[in-house]
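Let me begin by presenting the structure, written as structure tokens, before commenting on it.
The values are calculated or read from the model by the stated rules, or taken from the named source; none is laboratory data. Everything numeric here is computed off the predicted structure, so don't read it as measured data. Here the Cβ positions follow ideal geometry from the backbone for every residue, glycine too, while neighbour counts run over all protein chains shown. The area values use the complete protein model at the heavy-atom level, side chains included, leaving out ligands, DNA and RNA. Shrake-Rupley method; radii C 1.70, N 1.55, O 1.52, S 1.80 Å.
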Amino acid sequence: MRLDRENEALVEQAKAILSLNWTGEYTQPGPRLYPHQWSWDSALIAIAYARYDRGRAEKELRHLFEAQWTNGLLPQIVFNPRFRDYFPGPSFWNAKESPHAPRRYETSGVVLPPIHATAVLAIYEAAGEDAREFLGYAFRKLKAWHEYLYRDRDPRGEGLVYIRHPWESGMDNSPIWDFIMQRMHLRAEQIPKYERADTHAVSAQDRPTSAAYDRFAYLVKFFADRSYDEARIREDCPFLVQDVLFNSLLCRSEKDMAEMARALGEDPAPFEARAQKTARAIEDKLWDEEHGVYLDYDLVTQRPIHVYFAANFSPLFAGIPETSRAKRLVDALKNDGFGLSDENVTPVPSYDMHGFGFSPVMYWRGPVWLNIDWFLMHGLEDYGYKQHADRLRENIVGLCRREGFHEYFDPITGRGHGSDMFSWSAALVIDVLLDRKE
Ligand code: GLC
């Protein structure tokens, strides 16, 4: 994108935010609400660092990879011992119950979507041979991470991995999970005792309700009670979902692993085969022909979840659909409450604006998230929808220029909400503006 004086200044501001949130080892997602290291935030942030500070890009991901479990699980959160009053903290997670948890780090016991291979490839593409040593190191870590997912989260070898907590989707409070949360009947004695930290930092109205939080906490305790033994967890876990975004990012990451394997003189075939298998499974099992969208799949009821969510267009980012399906997706983005062709909407609302329970300000129930826009922007571009891609690109930049680097934005008013000085919003602005291809 053109770097005029105004945009140059915006890049400098974005860099300043990342520096402010940089701890010397990793970047905090947001200064108050999110003090620890979050896995997919770090990957998105590293994509920006790859463009101007390779040292930090590598450090960021090394710090995450060092906390990887011995079974390959890459944790959602790596805790910073300096911040003790975060909920749920290490003592609630009890990750050390697992024989696989790292000894030197405290972590949570769930994961976040796998976009790390895409970040590592971006670092290598920007730095070339200078990043070779890092590439070799990261490749081994990523291999173990993806093997964990396919081994422990896809026991029937379908090519689709499951998530077992809303937090694993990265979209904690999405209406996709409502039905599952509703059917989890909890008795008073089953609700763990806890005190939330999030509502002290931002408006409680925008955040998940306490009934949702009770269930989040219940699931955490459920895992800890089973010592994070995946076979025991999946026996009767009330939440087991094959999520479109998670599997699409995994598919894209496997393709990126194949690229890395080529660069390292290793065999790319196993990665290509897995990418293909996952792509086919997404096409066969998660596509909804009637509505022309992809849907998450509930493994407990063995049914698709009929919630129309922006992240469910992410197979475009992984190059999965054929062109005719891609066209149907674009039609839905234009016409079905995602505002891609509507000048009165800031696209893309995370949830269908005509969807039941849509809210322009509530966490993951309607606001625009820049990472989702960034995935869709790339997907639309790759499929030749340049004009739509450009609108999203301008959106990412324009929202932050007008409102500051917020966590999410109201699609109707354009106002920023949630954490201010949010790192991945700053990172994606940098990535978009320093992309010389534009
Ligand atoms: C929230 C988001 C999640 C993100 C985390 C840190 O939990 O839902 O996607 O990783 O915040 O930014």
Exercise. To the nearest 0.05, how large is the calculated FRET efficiency for residue 104 and residue 341 if R₀ is 60 Å and r is the Cβ-Cβ distance?
Worked result: 0.70
Exercise. Quick one: putting +1 on the C-beta of Lys and Arg, -1 on the C-beta of Asp and Glu, what dipole do you get for segment 27-327 around its Cα centre, in Debye to the nearest 20?
Worked result: 620
Problem set entry | Per-peptide average of other Cβ atoms within 10 Å, ordering 326-332, 47-53 highest first | 47-53, 326-332
Problem set entry | Contact order relative to length of segment 368-437, as percent, for alpha carbon pairs under 8 angstrom and 6 or more apart | 30
Exercise. How far apart, in nm, are two points set 7 Å out from the Cα along the Cα-to-Cβ line at residue 402 and at residue 85?
Worked result: 3.6
Exercise. Whole number please: convex hull volume per residue of the Cα set in segment 27-327, in Å³?
Worked result: 141
Seminar exercise, completed: Candidate cut points under chymotrypsin sites (Phe, Trp or Tyr not before Pro) in segment 316-424, DSSP loop plus at most 16 other Cβ atoms within 10 Å of their own Cβ, are 356
Problem set entry | Cβ-Cβ FRET estimate between residue 129 and residue 322, R0 fixed at 35 Å, reported to 0.05 | 0.45
Exercise. For segment 111-161 and segment 389-438, what is the separation of their Cα centres, given in Å?
Worked result: 26
Exercise. How big is the charge dipole of segment 200-239 about its Cα centre, in debye rounded to the nearest 20, if each Lys and Arg gets +1 on its Cβ and each Asp and Glu gets -1 on its Cβ?
Worked result: 80
Exercise. Carbon and sulfur atoms: what percent of the 1.4 Å accessible area of the chain do they account for?
Worked result: 47
For this session: Set Lys and Arg Cβ to +1 and Asp and Glu Cβ to -1, take the dipole of segment 27-327 about its Cα centre, and tell me which of 237, 192, 116 lies farthest positive.
Result: 192
For this session: Would you please classify the overall shape of segment 200-337 from the alpha carbon gyration tensor, given that a ≥ b ≥ c denote the square roots of the eigenvalues, rounded means a/c under 1.5, and beyond that prolate means a/b larger than b/c while oblate covers the rest?
Result: oblate
Exercise. Any idea how far the Cα center of segment 206-275 sits from the one of segment 1-71, in Å?
Worked result: 22
Seminar exercise, completed: Placing +1 on each Lys and Arg Cβ and -1 on each Asp and Glu Cβ in segment 44-88, then taking the dipole about the Cα centre, the residue among 86, 55, 71 whose Cα reaches farthest towards the positive end is 55
For this session: Find which of 9, 34, 170 sits farthest along the positive direction of the dipole of the chain, computed with +1 on the beta-carbon of Lys and Arg, -1 on that of Asp and Glu, about the Cα centre.
Result: 34
Exercise. So which lysines pass the test for residue 285, namely a Cα distance under 23 Å, with those fewer than 8 places away in the same chain ruled out?
Worked result: 255, 277, 327
Exercise. Label residue 291 and residue 303 with points 7 Å out from Cα along Cα→Cβ: what is the distance between them in nm?
Worked result: 1.3
Exercise. So how much slack lies between residue 225 and residue 8, counting 0.36 nm per residue of separation and subtracting their Cα-Cα distance, in nm?
Worked result: 73.0 nm
Problem set entry | Sequence-distant residues sharing a close amide H with residue 197 (under 5 Å, placed H) | 87
Problem set entry | segment 88-131: trypsin sites (Lys or Arg not before Pro) in DSSP coil with no more than 14 other Cβ atoms inside 10 Å | 103, 104
Seminar exercise, completed: Given unit charges at Cβ for Lys, Arg (+) and Asp, Glu (-), the dipole magnitude of segment 8-158 about its Cα centre in debye, nearest 20, is 380
For this session: Roll a 1.4 Å probe over the protein chains and send me the accessible area per residue for the chain in Å².
Result: 39
Exercise. If each of residue 20 and residue 97 carries a label point 7 Å out from its Cα toward its Cβ, how far apart are those two points in nm?
Worked result: 3.9
For this session: Kindly list the residues of segment 348-374 that lie in the label zone of residue 203, defined by a backbone N under 15 Å from the point 7 Å along the Cα-to-C-beta vector.
Result: 359-368
Exercise. Loop-only check: which GluC sites (Glu not before Pro) in segment 179-286 are DSSP coil with at most 10 other Cβ within 10 angstrom?
Worked result: 195
